[in-house]
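To start, the structure under review is shown below, and the notes come after it.
The values are calculated or read from the model by the stated rules, or taken from the named source; none is laboratory data. The structure presented is a predicted model; accordingly, all values stated were derived computationally and were not measured. Virtual Cβ from ideal backbone geometry, glycine too; neighbours counted across all protein chains shown. Surface accessibility is based on the protein's heavy atoms, side chains included, excluding ligands, DNA and RNA. Shrake-Rupley method; radii C 1.70, N 1.55, O 1.52, S 1.80 Å.
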Amino acid sequence: EKTTKVKELLHRGSLYESLEKFFKYIILGGGVSAGYAAREFAREGLKRGDLAIISKEPVAPYERPALSKGYLSPESPSRLPVFHVCVGSGGQRLLPEWYRENGISLLLNTQVVNADLSMKALTTSTGRIFKYETLIIATGSTAVNLTDFGVEGADAKNIFYLRDIGDAEKLVEGIRSKRKGKAVIVGGGYIGLEVGAALRINNLDVTMVYREAWCMSRLFTLEIAAFYESYYTNKGIKLVKGTSAIGFNLKSRSGEVKGVRLKDGKVLQADIVVVGIGGRPLTSLFKGQIEEDKGGIKTDEFFRTSFSDVYAIGDVATFPMKIYNEMRRVQHVDHARKSAEQAVKAIKAGERGVYIEEYDYLPLFYSRVFDLSWKFYGDNIGETVIFGDPDPLSKKPKFGSYWIQSGKVKGAFLEGGTNEENEAIAKITRLQPTIVDLEELAKEGLSYALKL
Ligand code: FAD
Ligand code: NDP
């Protein structure tokens with residue numbers, strides 16, 4: 001009887017062992033910043049078995065921006081492994097084999113449900129425990145859902161969101177099953193504009209509904225928005241502005257959506273609906289354990305959080321934006337990549353006892369829709385000066401805008417720019433030259449940035 005008991009205890013012990021695992025470094029999250037952080041660890045020198053990436057997604061880190069662009073293309077759509085990180089920035093494509101070859105444990109389909117920072121332990125939904133010396137939080141954002149606001153019928157079939165590859169696959173299925181059908185897009189931000197364009201290219205009859213007076217109103221000026229809105233209208237997209245979805249009508253048998261009820265009383269027919277009403281950073285695992293700021297996890301210039309040996313990168317980090325002397329959070333891919341590299345450099349520099357430069361980030365946002373492509377650098381504050389030709393019927397439209405505050409160029413937007421021109425507007429927003437005559441600047445337009 002004693003032997004059986006001992007055997008049982010030993011068995012339990014080994015089971016416990018297999019349930020608990022230690023890594024020197026753990027990256028929690030398997031998105032853009034996780035992939036770029038892994039590459040940086042490999043560049044800096046990594047011992048086999050030291051690093052694990054824990055991700056609830058079923059695939060290795062990929063360039064998320066592809067999901068609302070190439071992934072939705074009707075002709076030769078982009079599919080993995082084509083857009084694994086780091087191809088989006090012109091780097092090496094990290095296939096699953098790359099992680100194996102570099103001795104990095106890629107733990108996919110693994111959701112962390114509890115994080116105990118003082119115990120340095122993460123617990124997964126299946127009860128496994130992962131312990132670490134250093135943790136990098138890279139959990140990104142989740143799509144804000146209309147069900148969060150109790151919108152009636154918001155859980156109907158064929159209402160889609162777009163955050164990860166699983167969502168993208170469901171949307172592609174939806175598009176296939178409703179060929180030439182009616183699509184309603186709720187939200188006039190990044191997802192709304194990119195997915196609205198993609199669905200139109202897929203030949204759906206698209207209506208976009210947004211509550212603002214013009215699209216992307218947090219960034220676009222009225223003039224910039226007027227260009228894109230005319231362009232969309234010319235492509236056959238209907239725009240319903242200044243109202244929002246307050247409920248959905250359902251087909252009683254299938255539970256599929258059939259109509260979108262608007263605040264102004266109208267009802268739009270819909271075979272599919274795509275909702276893009278914002279992203280919320282995933283920080284809840286750390287609530288009460290770590291300092292937060294502006295909805296994200298507060299970090300310093302090296303992405304160190306208030307808890308020692310814990311870093312936060314990408315969408316979740318609220319970091320000092322040195323150029324504006326302000327704490328900011330950025331939900332865009334360029335920062336996800338660069339913050340990842342900075343954090344890993346800082347970790348490795350700390351181990352070697354050397355110093356690295358503080359993060360000095362210049363905001364870059366961009367988008368691509370139809371044959372259009374824009375970039376924005378800097379800060380959209382102050383007076384605006386539009387330049388170029390914002391004619392939506394031009395064969396190759398090229399126009400832009402500067403933002404001037406206290407006589408200095410703070411932000412610059414450019415549609416249709418070449419690499420050289422985009423670099424010029426980046427440079428001007430970094431240097432912030434003094435402008436004396438706004439009319440002269442409008443006349444000079446892009447050539448002002450190019451000659452700097
Ligand atoms: P993410 O890339 O979102 O990665 C977070 C990862 O953490 C995910 O894999 C998630 O599943 C995982 N995770 C979260 N919680 C847990 C948990 N508890 N357990 C395990 N895993 C977890 N930005 C641009 O600048 N340009 C673009 O064109 C652009 N296009 C975009 C298109 C789409 C459809 C979307 C959704 C975003 C786009 N963005 C774009 C934004 C950009 O992709 C994000 O800013 C970037 O992905 C942030 O990187 P991240 O690593 O912080 O988060
Ligand atoms: P955005 O924040 O870009 O846009 C959200 C839109 O939804 C805005 O028009 C907003 O209006 C509106 N909205 C907010 N709340 C409600 C509500 N309750 N009811 C109706 N409308 C509402 O978010 P997206 O969903 O477009 O994008 C999600 C995330 O993905 C963001 O982090 C974004 O940065 C990222 N992304 C980036 C891309 C890029 O950089 N090219 C491409 C795709 C996604 P209001 O302004 O009035 O609040």
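Can you spot the lysines whose alpha carbon is less than 18 Å from residue 375's alpha carbon? Ignore those fewer than 8 places along the same chain.
By straight Cα distance, residue 375 reaches 69, 338, 396, 398, 410, 427.
How large is the dipole of the chain about the Cα centre if only Lys and Arg carry +1 and Asp and Glu carry -1, each at its Cβ, rounded to the nearest 20 debye?
Approximately 1400 debye in magnitude.
Which of the chymotrypsin sites (Phe, Trp or Tyr not before Pro) found in region 355-415 are in a DSSP loop and have at most 10 neighbouring Cβ atoms, other than their own, within 10 Å?
355
Please report, in debye to the nearest 20, how large the charge dipole of region 260-338 is about its Cα centre when each Lys and Arg carries +1 at its beta carbon and each Asp and Glu carries -1 there.
With Lys and Arg at +1 and Asp and Glu at -1, about 260 debye.
Just to confirm the number: angle between the C-alpha axis of helix 32-44 and the first principal axis of the chain, 0 to 90 degrees, nearest 10?
It works out to around 60 degrees.
If I stretch the segment between residue 447 and residue 391 completely, what's the gain in nm (0.36 nm per residue apart, minus their alpha carbon distance), one decimal?
18.3 nm
Residues of region 112-141 with amide nitrogen under 17 Å from the 7 Å Cα-to-Cβ point of residue 19?
Only 112-116, 121-131 pass the distance filter.
Roughly what angle does helix 222-234 make with the longest principal axis of the chain, taking Cα atoms, 0 to 90 degrees, to the nearest 10?
Once rounded, one gets 90 degrees.
Normalised by the number of residues in the chain, what is the relative contact order in percent for Cα pairs under 8 Å and 6+ residues apart?
Rounded, it is 13 percent for the chain.
I want to check the label-to-label distance for residue 309 and residue 109. Put each point 7 Å from Cα in the C-beta direction and report it in nm to one decimal.
Simple spin-label model gives 3.1 nm for this pair.
What do you get for trypsin sites (Lys or Arg not before Pro) in region 141-188 restricted to DSSP loop and a cutoff of at most 11 other Cβ within 10 Å of the site's Cβ?
Passing both the DSSP loop test and the Cβ count: 179, 180.
What share of the DSSP beta bridges in the chain is antiparallel, in percent to the nearest 5?
If I count the DSSP bridges inside the chain, around 60 percent turn out antiparallel.
For residue 361, list long-range residues whose amide hydrogen, built 1.01 Å from N in the peptide plane, is under 5 Å from its own amide hydrogen.
Excluding prolines and chain starts, which carry no amide H, the hits are 322, 323.
Probe of 1.4 angstrom, ligands and nucleic acids ignored: what's the accessible area per residue over region 143-250, in square angstrom?
Per residue, region 143-250 has an accessible area of 43 Å².
Pairing the Cα long axis of helix 419-431 with the longest principal axis of the chain, what angle in degrees results, from 0 to 90 and rounded to the nearest 10?
80
Could you rank the peptides 268-281, 416-429 by their average count of other C-beta atoms within 10 Å per residue, with the highest value first?
268-281, 416-429
Would you please put 83-96, 205-218 in order of how densely packed they are, using the mean number of other Cβ atoms within 10 angstrom per residue and starting with the highest?
Per-residue Cβ counts within 10 Å, averaged per peptide and sorted highest first, yield 205-218, 83-96.
Using r as the Cβ-Cβ distance of residue 235 and residue 147, and R0 as 41 Å, what FRET efficiency do you calculate, to the nearest 0.05?
According to the calculation, E is roughly 0.85.
What shape does the chain have by the C-alpha gyration tensor, where a ≥ b ≥ c are the square roots of the eigenvalues, rounded means a/c under 1.5, and otherwise prolate means a/b greater than b/c and oblate the rest?
oblate
With a point put 7 Å past each Cα toward its Cβ, work out how far residue 48 is from residue 284 in nm, to one decimal.
Those two pseudo-labels are separated by 4.0 nm.
With a ≥ b ≥ c taken as the square roots of the eigenvalues of the C-alpha gyration tensor of region 14-156, please select rounded if a/c is under 1.5 and otherwise prolate if a/b is larger than b/c or oblate if it is not?
oblate
When a/c reaches 1.5 or more, the comparison of a/b and b/c decides; with that in mind, is region 281-370 rounded, prolate or oblate per its Cα gyration tensor?
oblate
Starting at the first residue of region 142-149, write each ³J(HN,Hα) from the Karplus equation 6.51 cos²θ - 1.76 cosθ + 1.60 with θ = phi - 60°, in whole Hz, x for Gly and Pro.
Each residue's phi maps through the Karplus curve to give 10, 6, 5, 10, 5, 5, 4, 9 Hz.
With the crude spin-label approximation of a point 7 Å out along Cα→Cβ, what separation in nm comes out for residue 221 versus residue 93?
About 4.1 nm, to one decimal.
Using r as the Cβ-Cβ distance of residue 170 and residue 373, and R0 as 30 Å, what FRET efficiency do you calculate, to the nearest 0.05?
0.65
Please name whichever of 414, 361, 336 sits farthest to the positive end of the charge dipole of region 291-416, dipole taken about the Cα centre and charges placed at Cβ: Lys and Arg +1, Asp and Glu -1.
414
How large, in percent, is the carbon and sulfur part of the accessible surface of region 350-440 at a probe radius of 1.4 Å?
Summing carbon and sulfur atoms, their accessible area is 48 percent of the total for region 350-440.
What are the ³J(HN,Hα) values, in whole Hz, obtained from phi via the Karplus relation 6.51 cos²θ - 1.76 cosθ + 1.60 with θ = phi - 60°, for each residue of region 331-347 in sequence order, with x given for Gly and Pro?
Once θ is set to phi - 60°, the couplings for region 331-347 become 10, 9, 6, 4, 5, 4, 5, 6, 5, 4, 5, 5, 4, 5, 4, 5, 4 Hz.
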